[in-house]
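Bear in mind that the values in this text are calculations on the coordinates, not laboratory data. A quick note: this is a predicted structure, and the numbers were derived from the prediction, not measured. Virtual Cβ from ideal backbone geometry, glycine too; neighbours counted across all protein chains shown.
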Amino acid sequence: MKQIINAQRNFFNTHATKNIHFRRKQLKILEKALKQSEGLLHEAIYKDFKKSEFDNYSTELSLLYKDIKEARKMIFKWTRKEKVSTGILNFPASSYIIPEPLGVCLVIGAWNYPYQLSFAPVIAAIAAGNTVVLKPSELPANTAAAISKIVKENFDPAFFTVMEGGVEETQELLKQKFDKIFFTGSTKVGKIVYKAAAENLTPVTLELGGKSPAIVTENCNLKISVKRIVWGKFLNAGQTCIAPDYVLVHKSIEQQFLEQTKQEIISQHFAFENDNFLQIINNGNFERLTKMIQPEKIYFGGETNAETRYIQPTIMQNVSFDDPVMQEEIFGPILPVITYETIEEAIAKVNSLPKPLSCYLFTKSNFVKKKVLNEISFGGGAINETVMHITNANLPFGGVGFSGTGNYHGEAGFKAFTHFKSVMDKPTWLDPSIRYYPHTPFRLKLMRWFLKF
């Protein structure tokens, strides 16, 4: 590890990565490598948790191609020196901000979208001019091996490399000195990463999770709301950090919502056989999820199969905030439904929990939209939609509080791996003596006058 990191630091110090054409070339190499390896990538992820080619392309690879295309197009603008005003106090100087790469970066990917959540921050880091060490999650072993193979066959390890391994290897990596750490995963592990980074005062971006609510009001378009909630919740078998974790539905439409949600699930034909559903990633997560399901609160679903790690899309009703399913992020195909009577009550319930990564509101009321957006703090979200805000690169993606710190995607990703260096450039042909010693009443008077501007 030390040898590789030292090699990357030495390469970074050659300033080769600061060249814009070098960055664009490396991004093009990555795009070509991914496209040529699509068969390998599809096969590997299907072996790990039965993710279909359709889902792999639509939720992982297509987003990466989009990120690369935008970064290569916008990199000239993002890296441009920005002139800013100087003020009369420093006349006749000029002032500007220079974006510069941070250096050697560590990216720790997540298992639930192993390609997208590994390569998306790498794309941002490369666009910003850094070298990268990527540590993919070890849980989907086949995808980790595929990622490693692609990177090692196409990149100089002094610029971009992959380190495979589990907890022990990650702990050793975190002991090394990096110039930036980007982590995607659970809040629990995020705290460990943050603590380790503090030893070297390394800047960190944490993309975590939390209990993201969907609030359904009595005047929403119920048919469309249900359709979009079911899609967002059971995408990737619920193993999505921005999936609706639970639903707060107005008491007056509870039964309608439950019945329509049930029918929507049935109509979607979630099953391995038709590639419409995924396995739970491993036995540990399967057991954790099954313990959350209280049989007496099942409205629909509840079937499980330990051998195939299958959990049927499940709706739970009459759920309280004290139930096991509400004690942690679910990260699986279980949808708790909780009722409320006033929007104030719904907001209070959401705010009683740590700030969520996402929040979804389904309503036709502009008053309710403004109220929820003003009174609930969350990383990002949508109105009358779920999950799709992640596809808009113009929207910075990230959490707040326990759901994360920092953000990325598009220009925000470039900024996450960039230091903005402030410079004042001042000529020597004019040098007013007002600031120099000795201090006098007259100079103080002049100073007061100048500082008014």
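Length gained on full extension, K369 to V167: 68.5 nm, using 0.36 nm per residue less the C-alpha separation.
Amide H contacts under 5 Å for G380: S358, C359, restricted to partners 5 or more places along the chain or on a different chain, H placed in the peptide plane at 1.01 Å from N.
Give K18/K149; K251/K349; K227/K369 a once-over and call out the pairs whose C-alpha atoms are over 22 Å from each other.
Details: K18/K149 26 Å; K251/K349 14 Å; K227/K369 20 Å.
Pairs exceeding the cut-off: K18/K149.
Roughly what % of DSSP beta bridges within the chain run antiparallel, to the nearest 5?
On the way: 19 of 53 bridges.
Among the beta bridges of the chain, antiparallel pairing accounts for roughly 35 percent.
Rg/Rh for the chain to two decimals, with Rh computed the Kirkwood way over all alpha-carbon pairs. Result: Rg/Rh = 1.05.
As a test of the formula, what do you get for the chain when each DSSP H run with n ≥ 4 contributes -39,500 (n - 2.57) and the sum is divided by the residue count, at 222 nm and rounded to the nearest 500 deg cm²/dmol? Mind dumping the intermediate values first?
Numbers: 16 runs with 179 residues, N = 453.
The per-residue figure over the chain is -12000 deg cm²/dmol.
Take 355-362, 421-428, 156-163 and order them by the average number of nearby Cβ atoms within 10 Å per residue, most first; the result is 355-362, 156-163, 421-428.
Could you work out the relative contact order of segment 213-398? I mean the mean sequence separation of Cα pairs under 8 Å and 6+ apart, divided by the number of residues, in percent. Write out the running numbers ahead of the final one.
On the way: 314 pairs, mean separation 52.8, N = 186.
After rounding, I find 28 percent.
Ordering S320, V337, I215 by Cα displacement along the dipole of segment 213-398 toward the positive end leaves I215 in first place; charges were set at the Cβ atoms of Lys, Arg (+1) and Asp, Glu (-1). For segment 286-291, 3J(HN,Hα) computed residue by residue from phi via the Karplus equation (6.51, -1.76, 1.60; θ = phi - 60°) reads 4, 5, 4, 5, 5, 5 Hz, glycine and proline entered as x.
A simple rule links phi to the HN-Hα coupling: the Karplus curve 6.51 cos²θ - 1.76 cosθ + 1.60 with θ = phi - 60°, which for segment 240-246 gives 9, 5, 9, 5, x, 7, 8 Hz, with x for Gly and Pro. Summarising the amide proton neighbourhood of I330: residues at separation of 5 or more, or on other chains, whose placed amide H is nearer than 5 Å comprise an empty set. Applying 0.36 nm per residue to the separation of Q327 and M424 and subtracting their alpha-carbon distance, the gain on full extension is 29.7 nm. Summarising the amide proton neighbourhood of V162: residues at separation of 5 or more, or on other chains, whose placed amide H is nearer than 5 Å comprise L134.
In terms of distances greater than 26 angstrom between alpha carbons, the cross-link table entries K415/K452; K51/K262; K47/K175 yield K415/K452; K47/K175. Computed from label points 7 Å out along Cα-Cβ, the spacing between I29 and Q255 is 6.5 nm.
Which net charge results when you count Lys and Arg as +1 and Asp and Glu as -1 among the other residues whose beta-carbon is under 13 Å from that of A271? Write out the running numbers ahead of the final one.
On the way: positive: K50; negative: E273, D275, E303.
Value of the local net charge: -2.
The angle between the Cα long axis of helix 254-268 and the main principal axis of the chain comes to about 90°, on a 0 to 90 degree scale. The charge dipole of the chain, taken about the Cα centre with unit charges on the Cβ atoms of Lys, Arg (+1) and Asp, Glu (-1), comes to about 2600 debye, rounded to the nearest 20.
Please tell me the relative contact order of the chain in percent, rounded to the nearest whole number, where contacts are Cα pairs under 8 Å and at least six residues apart. Before the final figure, lay out the partial values.
On the way: 856 pairs, mean separation 83.4, N = 453.
Reported relative contact order: 18 percent.
In order along segment 391-403, phi translates into HN-Hα couplings of 7, 9, 5, 7, 9, x, 10, x, x, 8, x, 6, 8 Hz, rounded to whole numbers, per the Karplus curve 6.51 cos²θ - 1.76 cosθ + 1.60 with θ = phi - 60° and x for Gly and Pro. Dipole size of segment 213-398 about its Cα centre, with +1 on Lys/Arg Cβ and -1 on Asp/Glu Cβ: approximately 540 debye, rounded to the nearest 20. Against the chain, whose longest principal axis comes from its Cα atoms, helix 62-78 is set at around 20 degrees. For helix 187-198, what angle does its Cα long axis make with the longest principal axis of the chain, in degrees from 0 to 90 and rounded to 10? Taking Cα atoms only, the helix is inclined about 20 degrees.
Other residues lying with their Cβ under 13 Å from the Cβ of L357 contribute a combined charge of -1, Lys and Arg counting +1, Asp and Glu -1. Spatial offset of segment 393-451 relative to segment 213-268 amounts to 46 Å, using the alpha carbon center of each.
Computed from the Cβ-Cβ distance with R0 of 35 Å, the FRET efficiency linking D431 to F76 stands at 0.40.
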